[in-house]
Amino acid sequence: MNIIGPDTLVFGVDDVELCGQFLTAYGLNPVADNRYEALDGTGVVIRHQDDSSLPDKILQTGNMLRKTIYGVADQSVLDQIKREFEGEREIKQLVDGSLEVVDDVGFVLGFQITVRKPINLSAERVNAPGSIHRPANVTGVDVSPEAPTPKPRTLSHVVYFVPDIEKAERFYTERLGFRVSDRFEGMGPFLRPAGTFDHHTLFFIKTPPQIQGCEHFTFHMGGPSEVMSAGYALAGKGYESYWGPGRHQFGSNWFWYFNTPMGCHIEYDADMDQHDDDWVPRVAPAITDNSQIFLFQWRDKWAPGGPQN
Ligand SMILES: [Fe+2]
């Protein structure tokens, strides 16, 4: 089933304007109708929590994520998904041609032919003795006043708080063809759909029922320097760092998490591992030391000889 990954996350929030300001500061481009997009057209839609266009609030928790819309390769995949659930549960066909269905643990899912546009940008290139990746006279840091601000390139993954992770894993693997990349014992699996080699587009964290919902979501950046500089700029605007910067073990992605007004965290990430079907999933205990190979602690500007704290 050629599902590529999340195209759009739809939130129902208390303060639409505040969320819009935050997502713009994060680096997404505001487009029409409270939609905020990365460079490839994937993104986030913000609605007021009482907006009648939103799917019903199924999860009776503090969760503000109302729908995860997946992009698929073509119409044949939508037909396949329709056949998979027809006669078993309600599957809505919306006016835009997309499908809407509720998964086995209460998350509302959408499926549409993907909005993703190809991105014609290179990754950050690194020079090392024995392996030079940046040609002569191409600088690693652009100090010109016109230097572009790093922009999120594509919606990478979403992480759910889920009380019944076994049930959730069965739904995504057996019904939608996701594969497990790696697993934290007792916490949850990292999952990727068939249409991407990204280590994960979905991860579960096991929780008690009253806190089911979205834990965080993430956009891919062009490399670790972009994670650092985008996060540094966001922190400089007064937004609160939650965890990072650092680098994960499973997936190898660099990360930096921030608090958001959408009732969850947001992450910048870069340089995620790619896996095909030959990959054998690893299993590790869900302890802090296994989630990061290193972790920095962000602090405000400091200069040698300046005030100490
Ligand atoms: Fe993440």
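The values are calculated or read from the model by the stated rules, or taken from the named source; none is laboratory data. Everything quoted here is computed from the prediction, not taken from an experiment. Neighbour counts are summed over all protein chains in view; Cβ atoms, including those assigned to glycine, are modelled from backbone coordinates with ideal geometry. These accessible areas exclude ligands, DNA and RNA; they are computed on the full protein's heavy atoms, side chains included. Shrake-Rupley method; radii C 1.70, N 1.55, O 1.52, S 1.80 Å.
Of note:
- Unpaired cysteine residues in the chain (no second Cys Cβ under 4.7 Å): CYS19.
- Cut-off of 10 Å, at most 14 other beta carbons, DSSP loop: longest stretch of the chain lacking such GluC sites (Glu not before Pro): 147-239
- Carbon/sulfur fraction of accessible area - the range 1-137, other protein chains in place, 1.4 Å, %: 49 percent
- In the range 177-234, chymotrypsin sites (Phe, Trp or Tyr not before Pro) in a DSSP loop with at most 14 other beta-carbon atoms within 10 Å: PHE197
- On the range 252-298, 54 percent of the accessible area sits on carbon and sulfur atoms, based on a 1.4 Å probe.
- Accessible area (Å², 1.4 Å probe, nearest 10) - ILE293: 100 Å²
- Ligands, DNA and RNA left out, the 1.4 Å accessible surface of the range 176-228 is 59% carbon and sulfur atoms.
- Estimated [θ] at 222 nm from DSSP helical runs (n ≥ 4, -39500 (n - 2.57)) normalised by residues in the chain, nearest 500: -4000 deg cm²/dmol
- For the chain, the equivalent ellipsoid derived from the Cα gyration tensor has semi-axes of 32, 22, 21 Å, listed largest first.
- Gaussian network model of the chain, Cα within-10 Å springs - most flexible of ASN137, ASN120, ASN259: ASN137
- Where the chain is the region considered: accessible area per residue in Å², 1.4 Å probe: 49 Å²
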